[in-house]
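Have a look at the structure below before the remarks.
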Amino acid sequence: MIVHCVFCEAADLDACAEVIAALGLFAQRLAGVVSFEGGPNRDFEAKSLSFGHGFVIRFADRAALAGYADHPEHRALGARLVAACRGGADGIMVFDIESQ
């Protein structure tokens, strides 16, 4: 399983939230997606205050992640997310974990 974590330093919180919601709906339609969770950062430990939103998608395997990454709808939503983040793509942190 691949756990794909994306954290956003949003310049436009509403736009970022809209895109994350759209990504969640998109992910539900893809083969190989195990789960999707996303929303605002509650940061109860005050360690990542600048990252206001994020999401996690669990994929069955690397092939499912590749299918998501290459999909035209993901590319379009990704461009909208980049536009909503401070510094564009520099305002997005992606962290992939390979898990059993």
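The values are calculated or read from the model by the stated rules, or taken from the named source; none is laboratory data. Keep in mind that what you see is a predicted model, and the values were worked out from it rather than measured. When we count neighbours, we look across all protein chains shown, and the Cβ atoms used for this are built from the backbone with ideal geometry, even at glycine. Quick note on the areas: whole protein, heavy atoms, side chains included, nothing else; ligands and nucleic acids left out. Shrake-Rupley method; radii C 1.70, N 1.55, O 1.52, S 1.80 Å.
One table, with the values for the structure above:
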{"quantity": "For the chain, built as a Gaussian network whose Cα springs stay under 10 Å, the top-fluctuating residue of Gly78, Gly87, Gly24", "calculated": "Gly87"}
{"quantity": "Ranked order, Leu81, Leu65, Leu49, Leu25 - accessible area, probe 1.4 Å, largest first", "calculated": "Leu49, Leu25, Leu65, Leu81"}
{"quantity": "0 to 90° range, to nearest 10: angle between helix 72-84 axis and the chain longest Cα axis", "calculated": "10"}
{"quantity": "Sparse-neighbourhood loop sites, GluC sites (Glu not before Pro) in the stretch 1-78 - DSSP loop, at most 13 other Cβ within 10 angstrom", "calculated": "Glu45"}
{"quantity": "Accessible solvent surface per residue of the chain, calculated while the other protein chains remain in place, 1.4 angstrom probe, Å²", "calculated": "59"}
{"quantity": "Cα long-axis angle, helix 13-28 against the chain (0 to 90 degrees, to the nearest 10)", "calculated": "10"}
{"quantity": "Exposure ranking of Val6, Val34, Val56 by accessible area [1.4 Å probe, largest first]", "calculated": "Val34, Val56, Val6"}
{"quantity": "Cα pair distances of the chain binned at 10 Å [whole percent]", "calculated": "17, 50, 29, 4"}
{"quantity": "Those chymotrypsin sites (Phe, Trp or Tyr not before Pro) in the stretch 17-51 that DSSP places in a loop and that have at most 16 other beta carbons within 10 Å", "calculated": "Phe44"}
{"quantity": "Trypsin sites (Lys or Arg not before Pro) within the stretch 24-100, DSSP loop, no more than 11 other Cβ atoms inside 10 Å", "calculated": "Arg29, Arg42, Lys47"}
{"quantity": "Accessible carbon and sulfur surface of the stretch 19-100 relative to its total accessible area, %, 1.4 Å", "calculated": "57"}
{"quantity": "Ile92, Ile2, reordered so the largest accessible area comes first (probe 1.4 Å)", "calculated": "Ile92, Ile2"}
{"quantity": "Listed residues Gly54, Gly38, Gly67, most fluctuating in the chain (Gaussian network, C-alpha, under 10 Å)", "calculated": "Gly67"}
